[in-house]
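The values are calculated or read from the model by the stated rules, or taken from the named source; none is laboratory data. What you see is a predicted model; the values in this text were computed from it and never measured. We place every Cβ from the backbone using ideal geometry, glycine too, and count neighbours over all the protein chains shown. These area figures cover heavy atoms from the full protein model, side chains too; ligands, DNA and RNA do not enter into them. Shrake-Rupley method; radii C 1.70, N 1.55, O 1.52, S 1.80 Å.
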Amino acid sequence: MSNESVDNVLTDRILRAVSKQEKLPEFPDEADDLPSDYEYDPDAEEEVEEVEEISENELLEILEQESSALDTARLLFNEDKVKEADTLSLDILSPQSVRDLYETGSVVLDNVVDKSVIQGTLYIAYSRMMFIILITLIYQAAHDEASVMQNNGEFQPAQEYRQEGDDQYRDNKARDDRTVWLNPADESKESSRPKISQLLKMLQHKLLQDLSQIIHLNGNVEYQLAYYHPQNARYERHRDAFPTSEREDTTQRRVTAIIYLNPDWVQGDGGELRLFGKNSAPHQDVEPIASRLVVFLSGVVDHAVISASKPRYALTAWIR
Ligand SMILES: O=C(O)CCC(=O)C(=O)O
Ligand SMILES: [Fe+2]
């Protein structure tokens, strides 16, 4: 066959194929709509992408089954230092609170103050009563500063606030507080809120130094002041981070430290911080009284704020 006739045969075949070509059927929605000669195996497993919506708390429960969050978080501790807690140079934490934080994931301390702030005045071993009076004055002043900020409209509803990188599991409707982010390095704010600035610095320097001796931290801290209104503002059960044991992980908060600024708090005012126990262990309710510091492992401890019937202020540092 000559080259020309080969070409002709090929062209013919192509033309015939093209002229016969019918419009391709649309892919039918129902098996019954399929043309009879369509290859269809009704028994074949259909591939369906399953998208199941679960809440943050459900996800945390699943993670907990894989490995206890406390065990995971403990991998970030320097165990030798915890064992030697009595020999550490600590400012805010006590050796016992270091051990408690490691053992249980949380700790509560009272009468927390930056001693260097009152050293120059009356701290020099006057009576314990004097010490308590000084602390009361400091926290009353910090409360009043927070109250002025609230009256000035500096707080924003936390529900409306979403930070870049927030996980999608978080339900912002679960909280009624109003918040403001603070920066301890912002000196322009020091004259208008000196006591809050002092407390921020205490968290930034003293507490961070204490914690850095026992936990591997990157030193990245967020500071927030929160206001819970007296008409039953609350924050439902949640966790502040996912558990991590990765030293290089900077996405997850590691330690939550909260100082309460509520001098007139009495039992019955509500607003307790509820720390949930693991495996149906009983919960602990912590009253948000002035000068109290709560420290817990952010990826470990489920917690909630019980509805409050008095204005409630809390200063929080989240440390990574
Ligand atoms: O104010 C408190 O006691 C806790 C608040 C809290 O859980 C949060 O802001 O994540
Ligand atoms: Fe929280």
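In the context of the full set of protein chains, residues of region 56-319 present 48 Å² of accessible surface per residue (probe radius 1.4 Å, heavy atoms only). Divide the volume of the convex hull around the Cα atoms of region 224-320 by the residue count and you get 92 Å³ per residue.
Peptides 248-256, 220-228, 312-320, ordered by how many other C-beta atoms sit within 10 Å of their residues on average, highest first, read 312-320, 220-228, 248-256. Assuming R0 = 22 Å, what is the FRET efficiency of residue 192 and residue 310, from their Cβ-Cβ distance, to the nearest 0.05? Working from the Cβ atoms, E equals 0.35.
Simple spin-label estimate for residue 43 and residue 67 gives 4.4 nm between the two label positions (7 Å along the Cα-to-Cβ direction from each Cα).
Residues in region 54-61 carry Karplus couplings, in order, of 10, 7, 4, 5, 5, 4, 5, 5 Hz; the curve used is 6.51 cos²θ - 1.76 cosθ + 1.60 with θ = phi - 60°, and Gly or Pro positions show x.
Each peptide among 147-160, 259-272 gets the average number of other Cβ atoms lying within 10 Å of its residues, and from highest to lowest they stand as 259-272, 147-160.
Ignoring ligands, DNA and RNA, please state the percent of accessible area on region 56-319 from carbon and sulfur, probe 1.4 Å.
Carbon and sulfur: 47 percent of the exposed surface of region 56-319.
Taking square-rooted eigenvalues a ≥ b ≥ c of the alpha carbon gyration tensor, is region 56-319 rounded, prolate or oblate, where a/c under 1.5 means rounded and, failing that, a/b exceeding b/c means prolate? Judged from the Cα gyration tensor, region 56-319 comes out oblate (a/c at least 1.5, b/c at or above a/b). Under conditions of 4 °C and 1.567 mPa s, region 165-257 yields 84 µm² s⁻¹ as its translational diffusion coefficient, taking Rh as the Kirkwood radius over Cα pairs in the Stokes-Einstein equation.
Given the pairs 83/206; 81/206; 83/278; 81/201, which are separated by over 19 angstrom at their Cα positions? From 83/206; 81/206; 83/278; 81/201, over 19 Å: 83/206; 83/278; 81/201.
In terms of packing, defined here as the mean over residues of other Cβ atoms within 10 angstrom, the peptides 201-209, 292-300 line up highest first as 292-300, 201-209.
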